[in-house]
Amino acid sequence: MNPKYTKYIAEKSNIKIQDVDKIEELDNLIIKGDNLLVLQQLVKQYANKVKLIYIDPPYNTGNSSFLYKDKMPRSEWLNQIQERLKLAKTLLTDDGFIFVQCDDNEQAYLKVMMDELFHYKETIVVKTSTPSGVNAINVKRGEQLFKLKEYILCYGKNEKCRFNPMFIKSKYNHNYCYELIKDEHGYKIHNLKKTLNKEELEQYCLTNPDNIYSIETNNQKASNKLKEKLEKSKYSNQLSKYVKDGRTLLLYNGGVLTSLKERIVQQNGKNYFGVLIGDLWDDEIFQSNIHEGGVSFKNGKKPEKLLERII
């Protein structure tokens, strides 16, 4: 949330829960109040219009240090969550998503309940801390292991929901070493490993990713026609093409050329190699939120990078 918008809303807008007719006038809106009452009001104007909901409910840890109630019988906790989730589902578009973050205390029970309300997609495990600090005392006593992760339960309103593929920064894959070069005779492939060492290869390819490829040879699920084309390409020094579902595949040396350009991740104006994200988010995104927002909330604050990724 951009602080300048938050300040504008606080000073100029004075939005109250019941004033839902004014909400469309603003972006980046914060409504402060009981979330059940807020949801009941939002449904009046935004039913079937919301593409994404992320919620971070009380974990029911038994901790009494929070400003909200975080210690109640499981049945009471589940009833309160269910009431809110039913309203949240009413807000979602047909292809809308809801992400719910939780920990071990209620994850199993919450998932069973959500399975009855939504279309299950994924259980994401996200690394939230490192094996150090005060928790080491309990580990040494044999009372528990380090608590390093939380869960994000991901559901769609129905089966129409689809993820957007996303790449995250990773170590460079040196199989991306084939440069596609065009000359007067057409296209040819140059294996950069023959002329560059590993460090030079990585630097060159990340700086010039447009014509760099790897050769993907694991094509067990390929159609028979494509397999025939791949087999022929083993015995030719020329590129061949295969059109599948309106998409042109480049074939060479028994494999399909995979573009490096599609896997580039940019951070601070610099190119890095990227890999498709999976259901284990262990790339230290929780190590960046200590000072975010100017708020000290060590055990509850969620990092902007996490929300950016979900969005």
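The values are calculated or read from the model by the stated rules, or taken from the named source; none is laboratory data. Computed from a predicted model, the values in this text were never measured in an experiment. Please note: Cβ atoms are built from the backbone with ideal geometry, for glycine as well, and neighbour counts cover all protein chains shown. Ligands, DNA and RNA are excluded from the accessible area calculation, which covers all protein heavy atoms including side chains. Shrake-Rupley method; radii C 1.70, N 1.55, O 1.52, S 1.80 Å.
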Helices (runs of 4 or more DSSP H) lying entirely in region 65-176 (those with 2 or more residues that are at pLDDT 90 or above and among the aliphatic types (A, V, I, L, M)): 74-91, 107-117
Complete set of residues in region 216-242 that are touching a strand residue (DSSP E or B) at 6+ places or on another chain (Cβ under 9 Å), within 19 Å of Gly186 (Cα to Cα) and of a type outside the set (D, E, K, R): Ser233, Ser236, Asn237, Gln238, Leu239, Ser240, Tyr242
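Yes/no per residue for (1) open to solvent by 40 Å² or more (accessible area, probe 1.4 Å); (2) in a strand (DSSP E or B); (3) not basic (Lys, Arg):
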{"position": "Ser236", "(1), (2), (3)": "yes, no, yes"}
{"position": "Leu251", "(1), (2), (3)": "no, yes, yes"}
{"position": "Thr258", "(1), (2), (3)": "no, yes, yes"}
{"position": "Val265", "(1), (2), (3)": "no, yes, yes"}
{"position": "Val275", "(1), (2), (3)": "yes, yes, yes"}
{"position": "Gly293", "(1), (2), (3)": "yes, no, yes"}
{"position": "Ser296", "(1), (2), (3)": "yes, no, yes"}
{"position": "Lys301", "(1), (2), (3)": "no, no, no"}
Qualifying residues in region 282-291 (those that are polar (S, T, N, Q) and outside any loop (DSSP other than H, G, I, E, B)) - the one modelled with the lowest pLDDT: Ser288
Residue count for region 223-234, restricted to those that are open to solvent by 40 Å² or more (accessible area, probe 1.4 Å) and either in contact (Cβ under 8 Å) with a residue 24 or more places away in the chain or closer than 16 Å to Glu179 by Cα (or both): 0
Qualifying residue in region 200-218 (condition: at pLDDT 90 or above and more than 31 Å from the chain's Cα centre (by Cα)): yes
Exclusive hit being over 25 Å from Glu202 (Cα atoms), open to solvent by less than 100 Å² (accessible area, probe 1.4 Å) and not hydrophobic (A, V, I, L, M, F, W, C), set Asn271, Asn289: Asn289
